[in-house]
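For reference, the structure discussed in these notes is given below.
The values are calculated or read from the model by the stated rules, or taken from the named source; none is laboratory data. It should be emphasised that the depicted structure is a prediction, and the values quoted were computed from it without experimental measurement. As a convention, Cβ positions derive from the backbone with ideal geometry for all residues, glycine included, and neighbour counts pool all protein chains shown. Side chains are part of the model used for accessible areas, which takes the heavy atoms of the whole protein and leaves out ligands, DNA and RNA. Shrake-Rupley method; radii C 1.70, N 1.55, O 1.52, S 1.80 Å.
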Amino acid sequence: MTRLEFWQGNTACAEGALAAGCRFFGGYPITPSTEVAEHMARRLPKVGGVFVQMEDELASIASVIGASWTGKRSMTATSGPGFSLMMENLGYAIMTETPCVVVNVQRGGPSTGQPTRASQGDMMQCRFGSHGDIAVIAVSPGSVQEMYELTAKAFNLSDRYRVPTFVMTDEIIAHMRERIEVPDAVEIVERRPLEKGALPFAAGEDGVPGFPTFGQGYGVHVTGLTHDERGYPSSTDPEVHDRLVRRLVGKVEGARREMADYEVTNPDAEVVFVSYGSPGRSVKQAVRDMDDERVGSLRLRVVWPFPDFALQEFTNARVFLVPELNLGQIAREVASHTAVPVVPVPELGGELHTPARLAKTAEEYL
Amino acid sequence: MPHIYCTGCGNGTVINCTLNAVNQMGWEPEDTVFISGIGCSSRAPGYIVTDSLHTTHGRAIPFATGVKLSRPDLHVVVFTGDGDMAAIGGNHFIHACRRNIDLTVVCMNNYIYGMTGGQGSPCTPLGAISTTTPYGCHEAPFDLASLAVAAGANYVSRWTSYHVKELTRAVQAGLETPGFSLVEALVQCPTGYGRRNKLRDAHSMILWMRDHAVLMKKWKQMEAEGRPLPADKFPVGEFVRRNRPAMGVPEE
Ligand SMILES: Cc1ncc(C[n+]2csc(CCOP(=O)(O)OP(=O)(O)O)c2C)c(N)n1
Ligand code: SF4
């Protein structure tokens, strides 16, 4: 059984989180993400959860990480300026392998930029913004329905791999209203508890250690310093650092296939759009309008880790066209995985590419 | 036990006082969480066998806020330094006082940034020498305890590493008080502060603290009598104990 709703993207995001069992939200208002916080403020107390408005985004993500160590599924939502402030503690979450979900409703940057207009300008900041060698997970919804589904999924991925997971959406998806089918329940994959007696930061073959929830007698020390498998600082031994950082990156990058989530249209196409988030909607319309099997599409629902192998499904590809609401951030990533020419199709300022413009661009390569 | 502290550092004394106070409370180790930021003082949780978070510079209090709000039944104690709490973490500190969230914060105030080698902090006294105030500090310092009172904390006191018994009792009072408690513990940092300010060894700095601390009662009396309060002296004792609305207090 499902029920039908007509929801705004931000509402679907908050409801997806609640359905996934999110019980802690720490946040700070910022356009165009604020409705997520407002919805959580209304709903969380009714399901036994906690909402707290913190003094800034540094504190928001800190509170989320703290709550996560008590075993609660925890999240925050923000946009560019707040996202920048979160970078240091996101590195802490990566280093300490703390599950948490961060929603970034992207708006035009740099700086305060365009508070009310859409962008995909933070895709690289999300991937590389915190210092040191890191790897993260990011999903990118293309509809209100996917806001719900992918936010819920983000919690599962974050718990499974113990790494911050980003819902990299944008103002268009966040503020549009669409019909959505709300399921009775969503799939929940909880974090694996640490076996009693095992070292808290010793990982199995998948590179992911069990989780020692606070308050259960583990007596675990958690530090952002380079640490050994017991969790204690060991910040000058090159081998300890090398082993730890390779594991933190490897556990995510090594699971690209497991995590991959994308949609392929016309795999025999010669001209192939690669998209994610709201531009995927224009691509869908353009491909439908052109009705030409030489034009195809790859739409990513999980952007990081990047599913490089998906490009190889298009064995006849002569060009990859990458429409984005930025100057070509993921286009660069695509180019680094293929010998086929890659052409960025940027759109700045907050308007979506029109299907007509995309069709015209595709025609130039046919 | 191997540790990072210099010979003569006052942090060990404060950690001992805090642990003694926690023992007095009879809390189970598994129900007690220590949280800290970055600095020499913030290394304390690494020497205590309970669940603990050694976080980022200045952010211990918001991390602790997340832990406490989602598990109010846990006892949460924060270790921090004057730089950690009052400079980079100043905003979090005053907001935690305002929320009056049920934490006990033990701030080891050594007047200096110890871990990075003795730079000036928001608590460096006027005229004091640090590596970034080589001609003497010309910024007026924060009075951390008064700041906490003004911002709304339910319990605030200040002692020094000389006043071991009083400090232990103060931490215990902080642990017992629902809402936000700040215990400011002045400590000697012979390496970063003392040796640049004519207090070469730990001993001379402890004596300096003993001789410059004025009991709160006497301090208030002097104030009432309009007697000039000496600029290099400071009050120690209880600044406030009250019952403002608090957050994160476990339900009985
Ligand atoms: C964001 C950030 N800025 C700067 C530093 C460098 N740093 C480490 S400890 C410290 C100051 C510590 O001073 P304090 O909090 O007074 O603690 P103490 O070492 O004196 O106990 C600084 C500036 C850092 N770790 N992170
Ligand atoms: S530098 Fe100062 S505060 Fe740090 S360990 Fe040495 S004496 Fe203690």
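The residues of segment A:223-237 occluded by other protein chains by 10 Å² or more of accessible area, set against the chain on its own, are A:223, A:225, A:232, A:233; surface from heavy atoms, 1.4 Å probe. With the convex hull drawn over the C-alpha atoms of segment A:84-166, the volume per residue is 84 Å³. Classify segment B:1-106 from the C-alpha gyration tensor, please: rounded if a/c falls under 1.5, else prolate or oblate depending on whether a/b exceeds b/c. In terms of gyration-tensor shape, oblate.
Among the GluC sites (Glu not before Pro) found in segment A:258-344, those both in a DSSP coil and sparsely packed, with 14 or fewer other Cβ atoms within 10 Å of their Cβ, are A:293.
Accessible-area loss of 30 Å² or more (1.4 Å probe, protein heavy atoms, chain alone versus all protein chains) is found in segment B:57-72 for B:59, B:62, B:63, B:66, B:67, B:69, B:70, B:71.
Between B:22, B:171, B:187, the Gaussian network model of chain B with springs among Cα atoms under 10 angstrom shows the greatest mean-square fluctuation at B:22. Chain A contacts chain B over a buried accessible area of about 2600 Å², both sides summed; the probe is 1.4 Å and only protein chains count. Between rounded, prolate and oblate, where does segment A:111-240 land on the alpha carbon gyration tensor, with a ≥ b ≥ c its root eigenvalues, rounded for a/c under 1.5, else prolate if a/b exceeds b/c? Since a/c reaches 1.5 but b/c is at least a/b, the shape of segment A:111-240 is classed as oblate. Normalising by residue count, chain B has a Cα convex hull of 118 Å³ per residue. Computed over the Cα atoms of segment B:53-162, the ratio of the radius of gyration to the Kirkwood radius (Rg/Rh) comes to 1.00. The portion of the accessible surface of segment B:51-122 made up by carbon and sulfur, rounded to a whole percent, is 57 (1.4 Å probe; DNA, RNA and ligands excluded). Calculated mean residue ellipticity at 222 nm for the protein assembly as shown: -10000 deg cm²/dmol, from DSSP H runs with n ≥ 4 weighted as -39500 (n - 2.57), summed, divided by the residue count and rounded to 500. Using a probe of 1.4 angstrom and keeping all protein chains present, the accessible surface of segment B:121-191 works out to 37 square angstrom per residue.
How would segment B:68-124 be classified by its alpha-carbon gyration tensor: rounded, prolate or oblate, with rounded meaning a/c under 1.5 and the a/b versus b/c comparison settling the rest? Prolate, because a/c is 1.5 or more and a/b exceeds b/c.
Contact residues in segment A:28-75 (at least 50 Å² less accessible area with all protein chains than alone, 1.4 Å probe): A:55, A:70.
The long axis of helix B:202-212 is offset from the longest Cα principal axis of chain B by roughly 90 degrees. In segment A:1-151, the alpha-carbon atoms span a convex hull of 111 Å³ per residue.
Taking label points 7 Å from Cα along the Cα-to-Cβ direction, residue A:332 and residue B:132 give a separation of 3.2 nm. Shown for segment A:254-355: the carbon plus sulfur share of the solvent-accessible area, taken with all protein chains present and a 1.4 angstrom probe, equals 45%. Taking every alpha-carbon pair under 8 Å whose residues sit at least 6 apart, chain A reaches a relative contact order of 17 percent.
A DSSP coil position with no more than 12 other Cβ atoms inside 10 Å describes the following GluC sites (Glu not before Pro) in segment A:141-191: A:187. So what's the angle, to the nearest 10 degrees on a 0 to 90 scale, between helix B:11-25 and the longest Cα principal axis of chain B? For B:11-25 against chain B, the angle is about 30 degrees. Principal axis extents of the C-alpha atoms in segment A:180-329 (largest first, rounded to whole Å): 61, 44, 27. Once the Kirkwood radius over Cα pairs is known for chain A, the Stokes-Einstein relation at 25 °C and 0.890 mPa s delivers a diffusion coefficient of 118 µm²/s. Segment A:35-63 and segment A:280-345 have Cα centres lying 36 Å from one another. Computed from Cα atoms alone, the Kirkwood hydrodynamic radius reported for the protein assembly as shown is 25.9 Å.
Largest accessible area first, the listed residues B:218, A:251 line up as B:218, A:251 when surface is computed with a 1.4 Å probe on the assembled protein chains. Bridges between two residues of the protein assembly as shown, per DSSP, are antiparallel at a rate of about 25%.
Quick check of the Kirkwood formula: for segment A:178-248, what is the inverse mean of 1/r over all pairs of different Cα atoms, in Å? Final number for the Kirkwood radius of segment A:178-248 is 14.4 Å. The convex hull of the Cα atoms of segment A:246-290, projected and averaged over all directions, covers 4.5 nm². For segment B:59-128 versus segment A:200-245, the inter-centroid distance based on Cα atoms is 25 Å.
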